[in-house]
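Okay, so here's the structure we're looking at.
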Amino acid sequence: MTDATAQSPETLLADLQSASQPGQLAREILEQGQQQLDDDFRKRPIRDLVHERALLVDRVLVAAWQLCGLHDENNIALVAVGGYGRRELHPCSDVDLLVLTRDKPEEACCDKLERFVTFLWDIGLEIGHSVRTLDECVTLAEQDITIATNIQESRTLSGPDALRETLTERTAPDKIWPSDAFFSAKWDEQVARHAKHNNTEYNLEPDLKNAPGGLRDLQMVGWVAKRHFNADTFAGLVDAGFLTADELSILFKCRDHLWEVRWALHMITGRNENRLLFDYQRQVAARFQFEDSSANLAVEHFMKRYYRVVLAISVLNEILLQYFEQAILEKDKKQSVQPLNRRFQVHNGYLEVVSDDTFDRFPSALLEAFVLLAQNPDIKGIRASTVRALISRRKTIDDKFRNDLRNTSLFMELLRSPHALYTQLRRMKRYGILGQYLPEFGRIIGMMQYDLFHKYTVDAHTLLVLRNMRRMRYESTRDTLPLAHEVFYRLPKPELLYIVGIYHDIAKGRGGDHSQLGADDAIAFCQRHGLSAWDTKLVAWLVRSHLVMSVTAQRKDISDPDVVHEFATEVGDLVRLDYLYALTVADINGTDPKLWNSWRASLLRQLYRDTKRALRRGLNNPVEKQDWIDETRDAALQLLRQNNVDEQRARELWSGVGDEYFLRENAADIAWHTEAILDRKTPDEPIVLIRASHGVQFEGGTQIFIYTPDTMNLFAATATAMDQLGLTIMDARIITSADGFSLDTYIVLDENGTPIGEDWPRIEAIRASLTDTLRDPENFPEILQRRMPRRHKHFQVPTEVTISNDIAQDRTIIDLQTLDRPGLLARVGQLFAEYNIAVQNARIATLGERVEDVFFVTGTDGEPLSDPDLCIQLQQVLKRELDADNLNKDTAHA
């Protein structure tokens, strides 16, 4: 520290008194002292910096207190509380102060206090302060557990310490908040705090102070330890027998890591920021000197370490609080011990080993514990002493253990257990057992992927997929996931599905094809656990193909019988189809809850049902397209006859739309379109029909049908208008008739990812706006400017464009991957119009910050794009224009 900041408060006071601008001098002293501390960051232990920051502020506050004449007051004291009271300050931490008085201060004293507080704000300190009498503090502490907690972490900076000591005595456990009530209140507080952070350590932008495994969880232990055991330090818990020396070492290492991350955040942001936002994660990783590797970014390495640290803190918090519960809440409770077998008993509702050497004498008990929990759902959990024993013995799980028939049998028994499989696997992960038994799983613990698509770390996602699979058994999923519920009960061996769930992403972060590498690991698992050749082959295929159904449903034209036949050929049989469907539904739901919507659900249902029909028909007997067309046309005619529509007029209308229309649309929608077209009174007036989609083909979205004269700007104009209406296009099917009309079907969702429903005023507003735009599509509104979402700004997604020709379907496929932004589809439509490209079909997929859209297009002549130079030029223009928009991230096209 600089000489100025090392001065005593008396010397500092003299300097302030002689300075022409004392506030400016105090600010400079704080800034110089903080700069020295920042220069020492990562060079000296973080605990020294945290304590020296508090000492620096101490000196300035005491000098300022004296400068304002408050040291002459006999019945008033300046008291540090909260984190500052613990001498723990980061660069921009709030400085929490209590001005403690014996009685109400006189007016002259109040004037001094006002000058003091103003002085602190002027020199740049973020202070939280209160002025209270002893009686007021006691009354408020009785009412508010937070105030009582702050008081027990107090220290006097200036003034008579007897005031603070009196306050401590009057708020001691024998006066207010006895240990049991204090513990219960703080426990409820922690439960509520964790709930605000989704009860997970693995949020994408974690709060390192308040989220599970954060600094508050350590402080929670300290508060209870001080309140009940009068332990001023964590080391005191070792002396009291609640913490081992190894655990204390882990606790300090984890705390120091979070302190370093918090210090770095404050340095980068210049404010009291405790959230590891995407805005800062890369910068913090750089300060910790993490570097990109061939398989992972530097920020991913950094976040993996962070997640492992907070998981360790969370487990320590769990163990210690259970010990405290036993010591505080159960000390006078009658002990209930019920034997389970030679190795385990149930102690007050928790599983417990019968002796301290159980895991040494019976190593298989390390797995048996979780099997017993799964078989006995009434057991609440594992007793803290047994958790500690599990953790201390986990390193004994080696290759010999993993290949022992007793242990492989126990693990398979767990996978086949009827109750709480997800809960037990989650426990095994938390206590380090799962990562030891399956080292390949241990490598993905805490592994994040720096994007917005994967909302959870790989291990958290994996266990959520297992949870989703287990929930398919519940009666409640009959309403939310009816097909998945039905399919699950047809699976001959559900445990195979769970194995696939464990292994489908297990090779993430290794480089290479994670599906193939994961399949190799799954084969080794199956062989080690004695599965049959058929089961092993099925598991390996599912892991290797776990993305196939999702990709097919979202990126291909599944109304095309050839696409369905190709997928059915890859699947091969109905058993595989059932397993793959259940896996795909669980996987999507476990990636991001917002990713699963009615539209994706409908795509998967449609693909499942059509593939099932294809498999039952036989792969050597594919459906003939003409049969499909004739069947759809006949069914539509039947519906029109029921509504007394002239059949001849309908046939005349259909004669100009081509066979593709009857492949893409179902009979009910064709009848709906046809009746509206034949009923229209003004020949050139656009028709806009809107309704919920109930047919299998478009189930799950709102269907908008447009019939209007075709123009080159039609797609761009429609996309722009829909974007301005807050509609997200999920699918576009465009047919151009021989007489120059366009029959377009759009499936849309609102901004929340849900259908519009029966909001008739909104439907009429959409109809009116689209009709107005389509009357003159060449003069559609300019694309508005809107801000890029904050999170998207921190991702670089270079635009990738692949152009290929589909000879069988006589169209060109443009595969576009780029950064998601407002108005992207409208911008792409404009570029297509500039190059006279007609969109025939579009599949839209938004995956976090990335979009993966597929456009099926032709030239104005209705033929595929055959000019290589045009394709190269179009590819370059799309990349250049969209990447230019990407670079301008403060505003984006809407």
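What the table below lists for this structure:
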quantity: Whole-number accessible area per residue in Å² for the stretch 25-68, which is evaluated in the context of all protein chains at 1.4 Å; calculated: 38 Å²
quantity: Antiparallel DSSP beta bridges within the stretch 56-148, as percent of all bridges there, nearest 5; calculated: 40 percent
quantity: Values of log10 I(q)/I(0), in the order q = 0.27, 0.29, 0.31, 0.32 Å⁻¹, for the stretch 474-520 under a Debye, Cα-only, solvent-free model; calculated: -0.89, -0.95, -1.02, -1.05
quantity: Debye-sum result for the stretch 45-191 in log10 I(q)/I(0), which assumes one identical scatterer on each alpha carbon, at q = 0.13, 0.14, 0.19 Å⁻¹; calculated: -0.60, -0.69, -1.16
quantity: The stretch 429-518 - Kirkwood radius from inverse mean 1/r over Cα pairs (Å); calculated: 14.3 Å
quantity: Share antiparallel - DSSP beta bridges, the chain, percent rounded to 5; calculated: 90 percent
quantity: Under the Debye formula (equal points on every Cα, no solvent term), log10 I(q)/I(0) of the stretch 574-630 at q = 0.14, 0.20, 0.21, 0.26 Å⁻¹; calculated: -0.50, -0.80, -0.84, -1.04
quantity: Expected 222 nm ellipticity per residue - DSSP helices of 4 or more, -39500 (n - 2.57), all of the chain, to 500; calculated: -16500 deg cm²/dmol
quantity: Per DSSP, loop GluC sites (Glu not before Pro) in the stretch 464-501 with at most 10 further Cβ within 10 Å; calculated: Glu475
quantity: Accessible area of the stretch 605-658 belonging to carbon and sulfur atoms, whole % at 1.4 Å probe; calculated: 40 percent
quantity: Alpha-carbon Rg/Rh ratio, for the stretch 255-345, with Rh computed the Kirkwood way; calculated: 1.25
quantity: At 0.692 mPa s and 37 °C, Stokes diffusion of the stretch 551-681 via Kirkwood alpha-carbon radius, µm² per second; calculated: 197 µm²/s
quantity: Rg to Rh, two decimals, where the stretch 141-195 supplies the alpha carbon set and Rh follows Kirkwood; calculated: 1.06
quantity: Length-normalised contact order for the chain - Cα pairs under 8 Å, 6+ apart - percent; calculated: 6 percent
quantity: Pair Asp256, Asn348: separation of 7 Å Cα→Cβ label points (nm); calculated: 3.5 nm
quantity: Linear extension gain, Ala295 paired with Ala676, 0.36 nm per residue minus alpha-carbon span; calculated: 131.6 nm
quantity: Karplus-derived HN-Hα couplings along the stretch 237-248 (A = 6.51, B = -1.76, C = 1.60, θ = phi - 60°), whole Hz, x at Gly and Pro; calculated: 6, 5, 4, 7, x, 9, 9, 8, 4, 5, 5, 4
quantity: DSSP-loop trypsin sites (Lys or Arg not before Pro) across the stretch 216-284, with at most 15 other Cβ within 10 angstrom; calculated: Arg271
quantity: FRET E, pair Asn403, Glu570, Förster distance 41 Å, beta-carbon r, rounded to 0.05; calculated: 0.75
quantity: The chain: proportion of alpha-carbon pairs further apart than 47 angstrom, %; calculated: 41 percent
quantity: Residue-normalised accessible area of the stretch 654-694, expressed per residue, 1.4 Å probe, Å²; calculated: 41 Å²
quantity: Normalised alpha carbon radius of gyration of the stretch 613-711 [divisor 2.2 N^0.38 Å]; calculated: 1.19
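The values are calculated or read from the model by the stated rules, or taken from the named source; none is laboratory data. Fair warning: this is a prediction, and the values are worked out from it, not measured in the lab. So basically every Cβ, Gly included, is an ideal-geometry build from the backbone, and we count neighbours across all protein chains shown. Quick note on the areas: whole protein, heavy atoms, side chains included, nothing else; ligands and nucleic acids left out. Shrake-Rupley method; radii C 1.70, N 1.55, O 1.52, S 1.80 Å.
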